[in-house]
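Asks: Sharing a structure with you now.
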Amino acid sequence: MQTVTILGATGSIGCNTLDVISRHPEQYRVFAITGNSQLDLLMEQALKCAPRYVVVADENQYDKACELAKQYRVDAEILCGAQALEDVSSAPEVDSVMAAIVGAAGLLPTLAAVKAGKRVMLANKEALVMSGALFIEAANQSGATILPIDSEHNAIFQCLPHDFQYGNFEASGIRKILLTGSGGPFRERALDTFSSISIDEASTHPNWSMGRKITIDSATMMNKGLEFIEACWLFGAGADDIDVVIHPQSIIHSMVQYIDGSVIAQMGNPDMRTPIAYGLAFPERIEAGVTPLDFADISNFSFQTPCFKRYPNLKLAIDACKEGQCATTRLNAANEVAVERFLLGQIQFCDIAKVNEATLESMPMVKVSSIQQILEQDVLARDKASDIIRGKFLC
Ligand code: NDP
Ligand code: MG
């Protein structure tokens, strides 16, 4: 029996995790679930999975959460706030933590799980993008196992050789990691119409159903940029070890190309329950409720190289990856601000990349070597991005 904490249970990954767990009640026990704003959903989840703790991230919601827990007749103890998120991630009773809070808010609770040596199922890519070397060092020190849940990284993980040596591609016989992405909803849209992209258009992904922020990141391909950085840290890759390949059908979730000419790809229908089930059961496999891939149904497998004119955010992220930690932390922060403002209707779709670029250009790089410094850079970049939006881009 594995005891699991689900950070971000009310989100898209969180709901899918609870779905997979509910198929295997004899194998998994839920220790804690956490949410932020969707308190009714959180209580409904608590009724179904009977966790020991229900955590509400926002302290101001504590009274309301306790009231709702009574109404729903939820037995669990209600906790709130940042420390509670870290406590349920690092508690001795917990074996595994699903890190599925969106954005920088997930950094500290995810790190708490890593430092406590847990088996960490990492969906929250922003945490790794923000803290890279410190995150990996913490895992090495504590002995935590990091299992990638992002479908591409989960695919790469599945395609690597059994004796893969972190960072040593040559010794592992690897030529390249081929990181695939669908190209999002605007892969074929005329570039001169990008200024009229609406929130609804950007919020509709052709293949995947996901949370709001990652859906916009997929449309700008910032998501692939964050994944590029994520792959570098997860597998010890250099920027030259990774090629981004557009594969509009989202059937191949990524590939590893070997020096002997072989390419190993992981495939499946685009359903996050596959990588989630893989993370939960690793090294075994469990049923995930995913419709099996029917090759007779696939009429076309196509591939193309991404164009940076169409996806300037992808280039910004690859450049930031080469630049180093300060740049990736700031880019992530600026992007969170820009996406939020786009979703509020305050800036245009094309402004997201402009805000990100202007933020990076307007701040000289500094060395960051502690979590404290990373959090400081995160705040500074958010302030800078907000200033830039106020001065230049407000609709
Ligand atoms: P959602 O927006 O659907 O869910 C986000 C979760 O985080 C919710 O539970 C939300 O709570 C919680 N949350 C939001 N803000 C805070 C905060 N300030 N403090 C604590 N908790 C907070 O996101 P997704 O599930 O789509 O994505 C989660 C992570 O997984 C992201 O990092 C994303 O990049 C990554 N990922 C997602 C994939 C997907 O298919 N969805 C695929 C690959 C990676 P509430 O809803 O109650 O407000
Ligand atoms: Mg992904």
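Asks: Would you mind finding the one in 215, 220 that is closer than 17 Å to residue 181 by Cα and without any contact (Cβ under 8 Å) to a residue 40 or more places away in the chain?
Replies: Checking each option against the conditions leaves just 215.
Asks: Sort out which residues of segment 304-323 are open to solvent by 10 Å² or more (accessible area, probe 1.4 Å) and either part of a helix (DSSP H, G or I) or assigned by TED's automatic domain parsing to the domain that holds residue 388 (or both), and write them in order of number.
Replies: 312, 315, 316, 318, 319, 321, 322, 323
Asks: Could you list, in sequence order, the residues of segment 170-183 that are of a type outside the set (S, T, N, Q) and modelled with pLDDT under 95?
Replies: Of everything in segment 170-183, those that are of a type outside the set (S, T, N, Q) and modelled with pLDDT under 95 turn out to be 170, 171.
Asks: Inside segment 139-166, can you point out the residues that are among the aromatic types (Phe, Trp, Tyr) and within 16 Å of ligand 1 (Cβ to nearest atom)?
Replies: Within segment 139-166, 157 is the sole residue that qualifies.
The rows are residues; the columns are (1) modelled with pLDDT under 95; (2) open to solvent by less than 20 Å² (accessible area, probe 1.4 Å).
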site	(1), (2)
83	no, no
106	no, yes
112	no, yes
143	no, no
163	yes, no
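Asks: May I pose another question? Suppose we filter segment 11-37 for residues that are within 13 Å of ligand 1 (Cβ to nearest atom), open to solvent by less than 20 Å² (accessible area, probe 1.4 Å) and hydroxyl-bearing (Ser, Thr, Tyr); how many remain?
Replies: Number of matching residues: 2.
Asks: Across segment 380-395, what is the total count of residues that are free of Cβ contacts under 8 Å to residues at least 40 places away in the same chain and either in contact with a Leu (Cβ under 7 Å, 6 or more places away or on another chain) or more than 24 Å from residue 309 (Cα to Cα) (or both)?
Replies: The number of residues fulfilling the criteria is 4.
Asks: A further question follows. Could you list, in sequence order, all residues of segment 215-249 that are more than 22 Å from residue 335 (Cβ to Cβ) and outside any strand (DSSP E or B)?
Replies: Residues satisfying the conditions are 235, 236, 238, 240, 241, 247, 248, 249.
Asks: Which condition number in (1) in contact with a helix residue (DSSP H, G or I) (Cβ under 6 Å, 6 or more places away or on another chain); (2) within 16 Å of ligand 1 (Cβ to nearest atom); (3) of a type in the set (A, V, I, L, M) is the one that residue 122 fails?
Replies: Exception for residue 122: condition (1).
Asks: When you check residue 117 against the structure, is it within 16 Å of ligand 2 (Cβ to nearest atom) and either more than 19 Å from residue 12 (Cα to Cα) or in contact with a Lys or Arg (Cβ under 8 Å, 6 or more places away or on another chain) (or both), yes or no?
Replies: So residue 117 fails the test.
Asks: Contact list please: Cβ distance under 6 Å, first residue in segment 20-43 and in the same structural domain as residue 7 (by TED's automatic domain parsing) and without any contact (Cβ under 8 Å) to a residue 60 or more places away in the chain, second residue part of a helix (DSSP H, G or I) and of a type in the set (Phe, Trp, Tyr), pairs at least six apart or on different chains.
Replies: 43/72
Asks: Assess whether residue 128 counts as being within 16 Å of ligand 1 (Cβ to nearest atom), outside the structural domain of residue 256 (by TED's automatic domain parsing), under 21 Å from residue 230 (Cα atoms) and open to solvent by less than 10 Å² (accessible area, probe 1.4 Å).
Replies: Criteria met by residue 128.
Asks: Separate question: Looking at segment 238-264, which of its residues are under 15 Å from residue 148 (Cα atoms) and of a type in the set (A, V, I, L, M, F, W, C)?
Replies: Listed by number, the list holds a single entry, 255.
Asks: While we're looking at this one, here's another question. Quick one: is residue 252 under 24 Å from residue 323 (Cβ atoms), touching a residue at least 12 places away in the same chain (Cβ under 8 Å) and either among the aliphatic types (A, V, I, L, M) or within 15 Å of ligand 1 (Cβ to nearest atom) (or both)?
Replies: When the stated conditions are applied, residue 252 does not pass them.
Asks: For segment 282-292, enumerate the residues that are in contact (Cβ under 8 Å) with a residue 40 or more places away in the chain and either in the same structural domain as residue 22 (by TED's automatic domain parsing) or farther than 17 Å from residue 162 by Cα (or both).
Replies: 286, 287, 288, 289
Asks: Moving on. Would it be correct to say that residue 125 is within 16 Å of ligand 2 (Cβ to nearest atom) and under 26 Å from residue 38 (Cα atoms)?
Replies: Against the criterion (within 16 Å of ligand 2 (Cβ to nearest atom) and under 26 Å from residue 38 (Cα atoms)), residue 125 qualifies.
Asks: Which of the residues spanning segment 324-352 are crowded, with 21+ Cβ neighbours inside 10 Å and among the aliphatic types (A, V, I, L, M)?
Replies: 327, 331, 333, 334, 337, 338, 339, 347, 352
Asks: Also, I was wondering about something else. Could you list, in sequence order, all residues of segment 179-197 that are farther than 25 Å from residue 111 by Cβ and within 14 Å of ligand 2 (Cβ to nearest atom)?
Replies: 180, 181, 182, 183, 184
Asks: Further question on the same structure: Between residues in segment 177-202 that are open to solvent by 20 Å² or more (accessible area, probe 1.4 Å) and residues that are modelled with pLDDT under 95 and within 16 Å of ligand 2 (Cβ to nearest atom), which pairs lie under 6 Å by C-beta distance while being six or more apart or on different chains?
Replies: 185/206
Asks: Using the structure shown, decide if residue 265 is in a helix (DSSP H, G or I) and either more than 20 Å from residue 229 (Cα to Cα) or open to solvent by less than 60 Å² (accessible area, probe 1.4 Å) (or both).
Replies: no
The values are calculated or read from the model by the stated rules, or taken from the named source; none is laboratory data. Everything quoted here is computed from the prediction, not taken from an experiment. Every residue, glycine among them, receives a Cβ derived from its backbone with ideal geometry; neighbour counts consider all protein chains shown. Please note that ligands, DNA and RNA were not included when accessible areas were found on the heavy atoms of the full protein model with its side chains. Shrake-Rupley method; radii C 1.70, N 1.55, O 1.52, S 1.80 Å.
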